[in-house]
């Protein structure tokens, strides 16, 4: 049996964090906690997958598997009862996540805010779904959606930790937008949008610090999606000034991205303080984000348009007892995160996982034990019963949030049309994922079917043409 190296592991996700921005800010002394982790531990680029869509990528990070193995293929999915669509759900994931495997292995585990984690799973610890932090319309009621928190006995306490956007005052906004007091929110909604991202990020952090302070743990995973949301809203204004950005907009919003990274670094510092020196800390992003001359112009607010901002190299850092200092992680993939965590705990890796453990960065590391698959290994993994169904009403607020962010188009009033569109989108995402994973024939078969069904869809046709050409050149 592989020796357990880590007494505790803290996995932190920063959605869309990018070294180009981070290293500039580290050099300027603005990210002291990230700088210490990188300099005193192991770090490198983290290769993403295609398509670069957050629910798919973060589920791959949590399972060590390509999307065609874990079952999450987009932001939304049809409701099981056939009446509309809902956000991607934990009940649709077809592979055990790292918190399930560690729960099954007898470890105390917490999960906070991961994509596609609603309803919260009954793991051996605290589970908080990604619905907790989704902010309401200003001054609207904000009931806690059923299934957001496990165990339900702590739901009231966690609900009280949530921060509403209207509670983010000018003092707080001024940290990101120094001229906030001079901007008319009635004519410029970017103040409100900044407040929403701050509130949601702070809510996730409050839940994470609550769990780490109040409950014992061996493993904890927390995902902050704020950098991605800040990026899609404010990276246009980040220095250097782009020719098509007005001087007034640049003057108002040029500091937002730097302050967003500093905000995350401040929260990182608090997590490190609470975790203690005996914890191994792994910090990763699912992809990078354009910040220089490569920034797109006039991006259409669709999934395809927004994904043009994503760079295929994210960040990864590992620090703590047993981690070699100064190691450069070469060829690291987001598929490696779960195998690495399993190795740190001395828990076998599933042979059906697609990544590898970062043994080169771990002192006295031994070749990891393995089992054929955790999916066929019996035991209490804190999974939902197969027949569990999420209520449609609980999804409405999250769907509105995704529409406001631009990840979804407003749903068709024709329920069947909305379902069909979601199915086609997810099949398109699955096809691209299969091709990226080397399953060309399966991917081309799906794309061919989509083109036959929608012969005028340029995205489908272009993807099929590229895949077919790539297949012929193999």
Obtain the nm distance between the two label points defined at residue 277 and residue 139 by a simple spin-label model: each point lies 7 Å from its Cα along the Cα-to-C-beta direction. 5.2
Most exposed first by the Cβ proxy, i.e. fewest other Cβ within 10 Å, how do 423, 434 rank? 423, 434
Whole-number Å³ per residue for the convex hull built on Cα positions in region 163-316: 132
One computes Rg over Rh for region 306-346 from alpha-carbon atoms, with the Kirkwood Rh, and obtains 1.05
Using alpha carbons only: equivalent-ellipsoid semi-axes of region 50-153, gyration tensor based, whole Å: 22, 19, 12
For the chain, list log₁₀ I(q)/I(0) at each q in 0.05, 0.07, 0.09 Å⁻¹, using the Debye formula over Cα point scatterers of equal strength and ignoring solvent, two decimals each. -0.17, -0.34, -0.58
With each label point set 7 Å from Cα along the Cα-Cβ vector, what nm distance links residue 213 and residue 293? 4.8
Average Cα contact separation per residue, region 1-74, under 8 Å, 6 or more apart, as relative contact order %: 17
Here the Kirkwood hydrodynamic radius of region 421-472, Cα-based and in Å, equals 10.5
MRE, 222 nm, helices only [DSSP H, n ≥ 4, -39500 (n - 2.57), over the chain, to nearest 500]: -12000 deg cm²/dmol
Determine the relative contact order of the chain: mean sequence separation of Cα pairs under 8 Å and six or more apart, normalised by residue count, in whole percent. 28
Inter-part distance where region 437-474 and region 220-269 are each reduced to a Cα centre, Å: 36
Label-point gap, in nm, between residue 157 and residue 182 - each point 7 angstrom along Cα→Cβ: 4.6
If you restrict to DSSP beta bridges whose two residues both lie in the chain, what percentage is antiparallel, to the nearest 5? 45
Find the centroid of the Cα atoms in region 304-318 and in region 23-38, then give the distance between the two in whole Å. 19
Full extension from residue 327 to residue 385: what is 0.36 nm times the residue separation minus their Cα-Cα distance, to one decimal in nm? 16.7 nm
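All of the numbers you see were taken from the coordinates with simple rules; none came from a lab. The structure presented is a predicted model; accordingly, all values stated were derived computationally and were not measured. All Cβ positions, glycine included, derive from the backbone under ideal geometry; neighbour counts span all protein chains shown.
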